[in-house]
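These notes are about the structure you will find just below.
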Amino acid sequence: MQRTSSPVEQQQPPTCSEAQLGHLSELLARLYRLWLGLVFVLLAFGLVLDVAEDARLEDATVPLPALPGRLMEGDPAAFESLALLIVTLGPIIGVVTMLAYCMFRGDRRTALLALLVLLVVAALPIARAIGGR
Amino acid sequence: MELLVELGILVVAALSATLGAMVGLGGGVFMVPIFSAFLGVPIKTAIAASGLAVIVGSMGSASVYLQHRMVNLRLALVLLVATALGAIGGALLVAAAPVALLRAVFALALYAMIVLMTLRRASADPVTSGADRLRLASSFYDPAMGRTVHYVPQLVGPGALLSTVAGFVSGLLGVGGGVIQVPLMNVLMRVPVKAAAATSAYMIGVTVVGSVLLYYANDLLVPQVAVPAALGVFFGAQIGSRIGRHVHGSWLRRILVLILLYLATTLLLQALGVPVPGAR
């Protein structure tokens, strides 16, 4: 028999159930593991190139505009820099995944919260740059 | 930089992350002073490497906690917005703020939290019923207790407001978020300490992303320090989050109280003008 929702339930905006949030948790856990795996493959590659070159870790990262060219040249610093950049973006990819998951399931309130998180996190470094920290 | 120093960074990062992942902290509170005071890493480089390590640690430990459904994702989003808004205010006013006074106030607030966490038995017992307009109630399986723990976060409005204030002060003082969020969730919002630690472990990674991108842009992220720190933290976080699941909540609270005591005393000494090795 199909369950009919009560008037109180009908008034509530649609939200992800606890089971759906559990599914999202597992999805994020897998995403994080994959992401870290990719980072460590890149780091390992950079470290192997470092060992082959001079057995020392790099003392500076590669600026973003020069990164593609230095990667093509097989520069170990470029692989290490790319790994550091990718890992830095990991938590943001997690929030974007939450946003997409909740939007897809009609949970607009949680999706809006995730969007707000992305906005304030983007505003924070701008505020730090203005404040001089 | 000598190989021995790089090895030292890796070991310190692994130990910091093991402890940090157990109680939901990033571990920067240990890494920055030890890197700079004992391993000869310049303070700005140490802060940048610690920021990156916090992200790796957060992702590593959160992947374990998320797998076991211990992270309260909706609560994390609410508190992230509140904390980051406060941190934006703090970062904008950093030049004009009376930093010594704020350090003293923050230290006293941490001491108050320590007293509450030590004395108040209530923080050990979650509230399992009541109004939940924001649908923040959650549950997780606690292997140490051998049962599923249900809880409904209490006083969400005041909790979010205090998170904003805490974010404001942490934005001014450069203190990490976990050290504030875990006691706040546990003492005020009555979230079980394990769920609070897991939720905080997830949150801290998101909060430092912006800063680390700034460090990268300003050439403060040095691979010689950041790479061993990231590797050490990854393994430490995996170990710490697994231990954290199986340790009894009362032990996690004791560890957290000790860490808060260390941080509060450091801040108070700094406020009084006493030099603290490796302090920011």
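The values are calculated or read from the model by the stated rules, or taken from the named source; none is laboratory data. Since this is a predicted model, take the numbers as computed values, not measurements. Here the Cβ is made from the backbone with ideal geometry for all residues, glycine too, and neighbour counts use every protein chain on show.
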Quiz item: With (1) without any contact (Cβ under 8 Å) to a residue 40 or more places away in the chain; (2) in a helix (DSSP H, G or I) as the list, and residue B:35 as the residue in question, which single condition is left unmet?
Solution: (1)
Quiz item: Within segment A:103-120, can you find the residues that are charged (D, E, K, R) and not in a loop (DSSP other than H, G, I, E, B)?
Solution: A:108, A:109
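So that you can scan it fast, the table gives a plain yes or no per residue for (1) at pLDDT 85 or above; (2) over 17 Å from residue B:276 (Cβ atoms):
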site: B:18; (1), (2): yes, yes
site: B:28; (1), (2): no, no
site: B:57; (1), (2): yes, yes
site: B:69; (1), (2): yes, yes
site: B:80; (1), (2): yes, yes
site: B:88; (1), (2): no, yes
Exercise. Kindly check whether there is at least one residue in segment A:60-83 that is under 14 Å from the mean Cα position of the chain (by Cα), under 24 Å from residue B:160 (Cβ atoms) and surrounded by 15 or more Cβ atoms within 10 Å (Cβ to Cβ).
Key: no
Self-check item: Search result, residues across segment A:77-133 that are of a type in the set (D, E, K, R) and within 22 Å of residue B:90 (Cα to Cα)
Solution: A:128, A:133
Practice problem: Confirm whether residue B:233 is buried (at least 24 other Cβ atoms within 10 Å of the Cβ), more than 10 Å from chain A (Cβ to nearest Cβ), at pLDDT 85 or above and not in a helix (DSSP H, G or I). | Solution: no
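Looking at segment B:208-224, can you tell me whether even one residue there is within 22 Å of residue B:241 (Cα to Cα) and either out of contact with any Cys (no Cβ under 6 Å at 6 or more places or on another chain) or modelled with pLDDT under 85 (or both)?
yes
Rundown of residues vs (1) buried (at least 24 other Cβ atoms within 10 Å of the Cβ); (2) touching a helix residue (DSSP H, G or I) at 6+ places or on another chain (Cβ under 8 Å); (3) farther than 30 Å from residue A:17 by Cβ; (4) of a type in the set (A, V, I, L, M, F, W, C), yes/no style:
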| residue | (1), (2), (3), (4) |
| --- | --- |
| B:24 | yes, yes, no, no |
| B:27 | yes, yes, yes, no |
| B:35 | yes, yes, yes, yes |
| B:41 | yes, yes, yes, yes |
| B:56 | yes, yes, yes, yes |
| B:75 | yes, yes, no, yes |
| B:89 | no, yes, yes, no |
Quiz item: Any chance segment B:65-74 includes a residue that's within 16 Å of residue B:233 (Cβ to Cβ), within 13 Å of another protein chain (Cβ to nearest Cβ) and among the hydroxyl-bearing types (Ser, Thr, Tyr)?
Solution: yes
Self-check item: Among the residues listed as A:28, A:99, A:21, the single one being under 30 Å from residue B:140 (Cα atoms), crowded, with 19+ Cβ neighbours inside 10 Å and either in contact with a Ser or Thr (Cβ under 7 Å, 6 or more places away or on another chain) or touching a residue at least 24 places away in the same chain (Cβ under 8 Å) (or both)
Solution: A:28
Quiz item: What helices (runs of 4 or more DSSP H) lie completely within segment B:137-227 and have 1 or more residues being in contact with a helix residue (DSSP H, G or I) (Cβ under 9 Å, 6 or more places away or on another chain), crowded, with 19+ Cβ neighbours inside 10 Å and facing chain A (nearest Cβ under 10 Å)?
Solution: B:156-173, B:193-217
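Between A:123, A:100, A:66, which is within 9 Å of another protein chain (Cβ to nearest Cβ), not β-branched (Val, Ile, Thr) and not in a loop (DSSP other than H, G, I, E, B)?
Details: A:100 fails: within 9 Å of another protein chain (Cβ to nearest Cβ); A:66 fails: within 9 Å of another protein chain (Cβ to nearest Cβ).
That would be A:123, the only listed residue that is within 9 Å of another protein chain (Cβ to nearest Cβ), not β-branched (Val, Ile, Thr) and not in a loop (DSSP other than H, G, I, E, B).
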Exercise. For residue A:58, work out the one condition from (1) under 30 Å from residue B:66 (Cα atoms); (2) facing another protein chain (nearest Cβ under 7 Å); (3) not aliphatic (A, V, I, L, M) it doesn't fulfil.
Key: (1)
